[in-house]
Every structure is written in structure tokens, then in C-alpha cells.
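Novice: Before I ask anything, let me first share the structure, which is written out below as C-alpha cells.
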Amino acid sequence: MRLIVNGFGVVGQSFAKLLLSRSEDLYRLHGVNPRIVACVDKGGCAVSETGLDLQRLLSTKKLSGTIGVYNPGNHIFDPLRLIEKVDAEILLESTPTNLDNGEPGISNIITAMKSGKHVITVNKGPLALAFPSLIELANYNNVELRFSGTVGGGMPILEFAKRCLRGDSIISFHGILNGTTNYILSKMGEGLTFDEALNDAKHKGYAEATPSLDIDGYDAAAKLVIMANWIMGMKVTIKDINRRGISQVTLSDVKRAHKNGKAIKLIAICDKRQLAVKPTELSYVDPICVDGTLNAVTFSSEYSGNHTIIGHGAGGIPTASAVLRDLIDIRDTIFERRQTADLKSD
Ligand code: HSE
């Protein structure tokens, strides 16, 4: 399978590293042989019909800060034209999340789907702003749009709800979808002030480049949009989320909750009454009351009760593992489609 990778930051580079270390496994266990035939970052692009040398791509990025110098003399740089013209089956969209207008991710995704390419996105922006219409466009163009890595990093939150609970009916869910705010609130539980905890999170590289995305609940709201659409069949965007972040949570709020056997967490909730992100007091014995950068979600289902999934919801390599999951899924879907078509033509 040939891929175009647009955005070569932490996740894009982790994906290349994972391909290098797992290529034999991927072929032996799943029969897939992914090749990156084009890569784009802010500084330019690298293209090779037979597949880029990933080791060289990674070292070029490390040494020059851009992969634009990978092909000497290559000055052609129109990312949308490249997506249209390069022969590939899949676009991996891994440019940074932009919740104002979704760009450049939204144009990259639309261009890819219109030119018959499947899309894997780890960029939440386009989905938060336009989930229903992007799914419609994917269906119209008969391509797959996959996004496992947008919620929970490498944790299979979306798959757990969609596949493992198939046959049941999910009534509601709630959980911690943002690791940075969970880390900040956990540190406040240890006595740090909000500002101290935020600086610590920035120092450790947990917070988004624009910390407001985490602190003001935008990141959790974007993930809630994706879950509400994909799992609950709602047709909503980020405008429909009732959102409150953690910037008003004080050390004395945290201490007061602690005296009552509770912790304050930024909770995303989807039930009959609300679609919201807000600081919420949770009992310490609640299974989703986890600390540090962990994410946790409880699904309440009609027939099999409550199920909680807990894990590390961020990080380059875990998120890249979700991309591989999507890739194998897309390959399986293509295969099934071909079989169905063959059966019909017999
Ligand atoms: N800033 C996000 C978080 C990264 O802290 O959860 C993963 O989406």
C-alpha cells in the first residue's frame, strides 16, 4: 500500500519509525507492505514512486528541520496538487490540529477523497468541525475515512465501543479524554497551584503547542464530537458541545473535593441530557478516576452494563500504532470489496 504523509511532526515521524521497525511483522502477520511514496511538511515535500528511504527521511528532518531537501533540486511544492497527482492508495493526514477552520487538514482530506484516496487522519480539527459532511463525502467517493488515533492515542477507544460492543446498545458514555488536564489536576491534588502544574505539563511536553486547546477543553470537546458521531450516530460538530475548561479550578476546590473523598477531573459526557465537557467531582473509587496523563472512558450499555477502558491517551508511537491499525483495516475493507465485486461478476 502506498501512502502520502502530510505533516511530518511527532506522529508522522513516529509512523515512519514504526514502519522501519515493524515492516517484517506487518508483512508476515497481516500481509501488508506499506510504502511512503510522498511526504510533506511545512518546508517542502519528498517524493519517490518506489517508496522513500525512511531512514534518510528521518535523518533529513532531524538535520535540516524539513524533508523539503530530501530530493535535491525539487522545488515543486503544492501539497494539494501533490495529493491529487501522486499515485497512492492512502493519505495520512497528520498536520497540526486547527479548530478555527480545520486547515490545512480539511482541504488535504477533501482533495484526497475526491481523487479516490482513502484517508487516515490523526488530526482532530477537520473531524471536530465537519464530521458529518466528511463521512458523507467519503461514502460518496467510495473511500474509507479512518481516525483511530484522534481519540485516546493508541488506545482502541473507538474500536472498543464500535466493534466489541456490537450487538449491544450504548446508552451513554463519560470519561477523561485529555491527558494534559488530567496531569495538571493530578498535580494540583499533590499541592501544586494551577500555574505551577501547567508549567510542569509544558516542561514535560504534554501540553499542546497552544495550551488553551487542552486547558479550555477544546481538545476534549473535539474528541467528544468524534465519539458522539461515530459511536452514537449523532450528527454534531464542536459548536454543539457545552464546554468549560479547568482554568477556574483552584487549589482550594481540589482540596475541598479531596476532603469529601473526591477528585476534580475534566469529564466529557454524552448522555440523553447533555453533550458536555466540564470539571466534575468524581469519587476516588470511580473506575475512571485515574491520575497523571491517563485517559479513561466508561461506556454504559443496555444489555451488558458498564465497561471502562483505561490507558495512555497520547504520544507519538502509540498514536502511530493506531495509524497502523487503520491501515490494516483499510486493506481488509478493500479486500472484502473486491471479493464482493468478484462474486457479483461471477
Ligand atoms: N494534548 C492532548 C492530550 C494530546 O493531552 O490528551 C493527545 O490528543
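Novice: Taking only DSSP H segments of four or more residues, each worth -39500 (n - 2.57), what value at 222 nm results for the chain once the sum is divided by all its residues, to the nearest 500 deg cm²/dmol?
Specialist: Mean residue ellipticity at 222 nm (helix-derived): -13500 deg cm²/dmol.
Novice: Could you order the peptides 52-65, 136-149, 221-234 from most to least packed, using the average number of other C-beta atoms within 10 Å per residue?
Specialist: 221-234, 136-149, 52-65
Novice: Which residues in the stretch 69-105 place their backbone N less than 19 Å from a point set 7 Å from the Cα of K239 along the Cα-to-Cβ direction?
Specialist: The answer is 98-103, whose backbone nitrogens lie closer than 19 Å to the label point.
Novice: May I pose another question? Between E159 and R338, what's the calculated FRET efficiency when r is the beta-carbon distance and R0 is 25 Å? Round to 0.05.
Specialist: FRET efficiency, E159 to R338: 0.60.
Novice: Now for a separate question. How much length, in nm to one decimal, is gained on full extension between E302 and E196, taken as 0.36 nm per residue of separation minus their Cα-Cα distance?
Specialist: Extending this stretch completely gives an extra 33.9 nm.
Novice: How tilted is helix 179-189 with respect to the longest principal axis of the chain? Cα atoms for both, answer in degrees (0 to 90, nearest 10).
Specialist: Between helix and principal axis, roughly 20 degrees.
Novice: Okay, next question. Taking a threshold of 21 Å on the Cα-Cα distance, which of the pairs K42/K235; K117/K239; K117/K223; K162/K235 fall above it?
Specialist: K42/K235; K117/K239; K117/K223
Novice: Provide F8, F160 in ascending order of the number of other Cβ atoms located within 10 Å of each residue's Cβ, fewest first.
Specialist: Ranked by crowding around the Cβ, least crowded first: F160, F8.
Novice: Then there's this: Using Cα positions and a limit of under 20 Å, work out the aspartates and glutamates in reach of K255, with same-chain residues fewer than 8 apart set aside.
Specialist: Once the sequence-local aspartates and glutamates are set aside, what remains near K255 is E190, D195, E196, D200, E281, D286, D291.
Novice: In the stretch 157-312, if every C-alpha pair distance is counted and binned at 10 Å from zero, what percent goes to each bin?
Specialist: Spelled out per bin, shortest first, that is 12, 41, 34, 12, 1.
Novice: For every other residue with a beta carbon closer than 10 angstrom to the beta carbon of R146, add +1 if it is Lys or Arg and -1 if Asp or Glu, then tell me the sum.
Specialist: -2
Novice: Run down the aspartates and glutamates and flag those whose C-alpha is under 13 Å from the C-alpha of K344, throwing out any fewer than 8 positions away in its chain.
Specialist: Leaving aside aspartates and glutamates fewer than 8 places away in the same chain, those within reach of K344 are E336.
Novice: Which aspartates and glutamates, on any chain, are close to K62 with Cα under 17 Å apart, when same-chain ones fewer than 8 places away are left out?
Specialist: Excluding near neighbours in sequence, the set is D41, D53.
Novice: Which of these, G311, G205, G179, has the largest mean-square fluctuation under a Gaussian network model of the chain (Cα springs below 10 Å)?
Specialist: Fluctuation is largest for G205.
Novice: Right, here's the next one. Can you tally the net charge around W230? Count Lys and Arg as +1, Asp and Glu as -1, for every other residue whose Cβ sits under 12 Å from the Cβ of W230.
Specialist: Residues near W230 contribute +4 overall.
Novice: Between the stretch 43-103 and the stretch 156-208, what is the separation of their alpha carbon centroids in Å?
Specialist: 31
Novice: Sticking with this one: To the nearest 10 degrees, how steeply does helix 316-345 sit against the main Cα axis of the chain, on a 0 to 90 scale?
Specialist: 60
Novice: Can you give the net charge of the other residues whose Cβ lies under 9 Å from the Cβ of R2, counting K and R as +1 and D and E as -1?
Specialist: Taking every Cβ under 9 Å from that of R2, the sum is -2.
Novice: I would also like to ask the following. Out of residues 5 or more away from N71 or on other chains, whose amide H comes under 5 Å of its own, with H placed 1.01 Å from N in the peptide plane?
Specialist: Here V47 satisfy the definition.
Values quoted throughout were computed directly from the atomic coordinates according to the rules given, and no laboratory measurement underlies them. Since we're looking at a predicted model, the values are computed, not measured. Note: ideal-geometry Cβ built from the backbone for every residue, glycine included; neighbour counts use all protein chains shown.
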